[in-house]
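The values are calculated or read from the model by the stated rules, or taken from the named source; none is laboratory data. Values in this document were obtained by computation on a predicted structure and should not be read as measured data. In this analysis, Cβ positions are derived from the backbone assuming ideal geometry, glycine residues included, and neighbour counts consider all displayed protein chains. Keep in mind that these areas ignore ligands, DNA and RNA; they rest on the heavy atoms of the full protein, side chains included. Shrake-Rupley method; radii C 1.70, N 1.55, O 1.52, S 1.80 Å.
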Amino acid sequence: YESYKVFDPNAIGTLSGTAKSFGSATDKVTMRLIKNGASTADYTINIYGNSATYKFSSVEFGSYTMEVWKKNHVSRKYKITVSTGTLTKSVTIHLKGDINGDGKVNTSDVGRVNAHAKGFSLLSDYPFACADTNGDGKVNTSDVGKLNAHAKGKSFLW
């Protein structure tokens, strides 16, 4: 037997919402939808602004990973299921080093990374990724030093 994929033109939905980011409002925010099991994006859009609305139209029903990224930010992935009608999902991405998501890298972020490096209060998931300033998959004193230098205006992360 041969199997064929039959696309039902009525089996489409819409995904929309607001994408929040920081830094330059003129830098593009790229958003991609990748259907589960696929290796390439099925849908890609670019938007501009630090609080911009987005809309993916005529999206085939199914489960997707939505990737969101912008210059100087830590990319983020969201699990999305598209079905009948409109799904609304607002998303936020943080600047590299901005662990608490307030749009700045300051002593608050340095304190959180330092607490993690000392084993007092461990970071996980997205805050961990924001704290890993050198991209080595670890959050340690090297990241503390980089964040501290940025917060003091001595050596910037971006």
message: Can you tell me which of (1) more than 13 Å from the chain's Cα centre (by Cα); (2) open to solvent by less than 60 Å² (accessible area, probe 1.4 Å); (3) not charged (D, E, K, R) is the one THR84 doesn't meet?
response: (2)
field: Filter pass, ASN134 being out of contact with any strand residue (DSSP E or B) (no Cβ under 9 Å at 6 or more places or on another chain) and buried (at least 17 other Cβ atoms within 10 Å of the Cβ)
entry: no
message: I'm checking my understanding of the structure. Among residues of region 138-156 that are open to solvent by 60 Å² or more (accessible area, probe 1.4 Å) and in contact (Cβ under 8 Å) with a residue 24 or more places away in the chain, which one is nearest to ARG76 (Cα to Cα)?
response: LYS146
message: With the structure loaded, tell me whether THR14 is assigned to a strand (DSSP E or B), β-branched (Val, Ile, Thr) and surrounded by fewer than 13 Cβ atoms within 10 Å (Cβ to Cβ) or whether it fails that test.
response: no
task: Scan region 17-42 residue by residue and report those that are part of a strand (DSSP E or B) and within 13 Å of ILE80 (Cα to Cα).
output: GLY17, MET31, ARG32, LEU33, ILE34, LYS35
- prompt: Of the residues GLY101, GLY135, GLY97, which single one is of a type in the set (Gly, Ala, Ser), in contact (Cβ under 8 Å) with a residue 40 or more places away in the chain, under 24 Å from ASP27 (Cβ atoms) and in a loop (DSSP other than H, G, I, E, B)?
  reply: GLY97
- prompt: Can you name the residue in region 104-132 that is of a type in the set (Phe, Trp, Tyr) and not in a loop (DSSP other than H, G, I, E, B) and, of all such residues, is nearest to PHE56 (Cα to Cα)?
  reply: TYR126
- prompt: Among (1) among the β-branched types (Val, Ile, Thr); (2) at pLDDT 95 or above; (3) out of contact with any Lys or Arg (no Cβ under 8 Å at 6 or more places or on another chain), which single condition is THR133 missing?
  reply: (3)
- prompt: If SER58 passes every condition in (1) assigned to a strand (DSSP E or B); (2) open to solvent by less than 20 Å² (accessible area, probe 1.4 Å) but one, which one does it miss?
  reply: (2)
Residue list for region 94-141, restricted to those being of a type in the set (Gly, Ala, Ser) and in contact with an Asp or Glu (Cβ under 8 Å, 6 or more places away or on another chain): GLY97, SER108, ALA117, ALA131
